[in-house]
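See structure below.
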Amino acid sequence: MTKVIVKDKAFVPFLPEAAVQKEVARVARELTRDLGDKSPLFLPVLNGAFMFTADLLRHFEGACEVCFIKLASYAGTQSTGAVREVIGLAADITGRHVVIVEDIVDSGLTMAHTIATLRKHNPASISVCTLMLKPAALHVEVPIDYCCMEIPNDFIVGYGLDYDGFGRNLREIYVLAPQEA
Ligand code: 5GP
Ligand code: MG
């Protein structure tokens, strides 16, 4: 792994592919242990969680369903973007064990809002599974049930995560080079 340029910024290696895969497999085992016999409904959040979800579910053992959702900024408000609506929820989640799958929890605002929205549909349970968590950036209390890795408060790309739309296809995880930050 070497330095990469994504759009107009330099990023340096943070975590190699094998290390990412090891943590994803570990979390999949935890999910299998807890939900393997509960027919969970996975709700991955597009776009960032697509690659993580593909690998995670290949390791999940048991019956399950998947429904990708997207969080759209609420139009017509003067909000700074924190207020978002959940779109694409095709499945009926009433009485289901749902698992929200996210790429990264930063301030936690997005996740808190998503949980509150989903709760209105009366699922049997809501669990949160995130690839990465920035503990130092958390602004609100969010229950994180499954987490592949805790990371410092830096800007990350790769493995589904983007910088201005680019970098999602990188197999490893990269961090913004110190001189760019
Ligand atoms: P939060 O509402 O927790 O502050 O923001 C979560 C969302 O912000 C993530 O789902 C992700 O889309 C974006 N985000 C937060 N930190 C990073 C980061 O380091 N890199 C990238 N690419 N996106 C991030
Ligand atoms: Mg995300």
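The values are calculated or read from the model by the stated rules, or taken from the named source; none is laboratory data. This structure is a prediction, so every number in the text was calculated from the model and none was measured. Note: ideal-geometry Cβ built from the backbone for every residue, glycine included; neighbour counts use all protein chains shown. Just so you know, the surface numbers come from the protein's heavy atoms only, side chains and all, with ligands and any DNA or RNA stripped out. Shrake-Rupley method; radii C 1.70, N 1.55, O 1.52, S 1.80 Å.
Length gain on complete extension for the stretch ASP154 to VAL66, per 0.36 nm per residue less the alpha carbon to alpha carbon distance?
On the way: separation 88, 0.36 × 88 = 31.68 nm, distance 3.00 nm.
Additional length available on full extension: 28.7 nm.
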(request) Would you grab the residues whose amide H sits under 5 Å from the one on PHE60? Only those 5+ places off in sequence or on another chain, please, with H modelled 1.01 Å from N. (result) none
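For segment 22-181, what is the Kirkwood estimate of the hydrodynamic radius, computed as the reciprocal of the mean inverse distance between distinct Cα atoms, to one decimal in Å?
Numbers: mean 1/r = 0.0616 Å⁻¹.
So the Kirkwood estimate lands at 16.2 Å.
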(request) Would you work out the charge dipole size for the chain about its Cα centre, treating the Cβ of every Lys and Arg as +1 and the Cβ of every Asp and Glu as -1, and quote it to the nearest 20 debye? (result) 160
(request) Over the chain, with every protein chain in place, what whole percent of the accessible area is carbon and sulfur at 1.4 Å, could you tell me? (result) 51
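Using only DSSP helix segments of four residues or longer, with each worth -39500 (n - 2.57), what per-residue ellipticity at 222 nm results for the chain after dividing by its residue count and rounding to 500?
Result for the chain, helices only: -7000 deg cm²/dmol.
Keeping every protein chain present and rolling a 1.4 Å probe, give me the accessible area per residue for segment 1-156 in Å².
Values: 7950 Å² over 156 residues.
Computed with neighbouring chains in place, this is 51 Å² per residue.
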(message) Within the chain, how many Lys pairs that are eight or more residues apart, or on different chains, come under 23 Å at the alpha-carbon?
(response) 7
(message) In whole Hz and in residue order, list the ³J(HN,Hα) couplings for segment 3-16 that follow from phi through the Karplus curve 6.51 cos²θ - 1.76 cosθ + 1.60, θ = phi - 60°; x for Gly and Pro.
(response) 4, 10, 9, 10, 6, 10, 10, 8, 10, 10, x, 10, 8, x
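Restricting to the chain, compute how many DSSP beta bridges are antiparallel as a %, nearest 5. Intermediate results must be reported in sequence, preceding the final value.
Values: 15 of 35 bridges.
Percentage antiparallel, nearest 5: 45.
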(message) Less than 16 Å from a label point 7 Å out along the Cα-to-Cβ axis of ALA90: which backbone N atoms in segment 25-43 qualify, by residue?
(response) 41-43
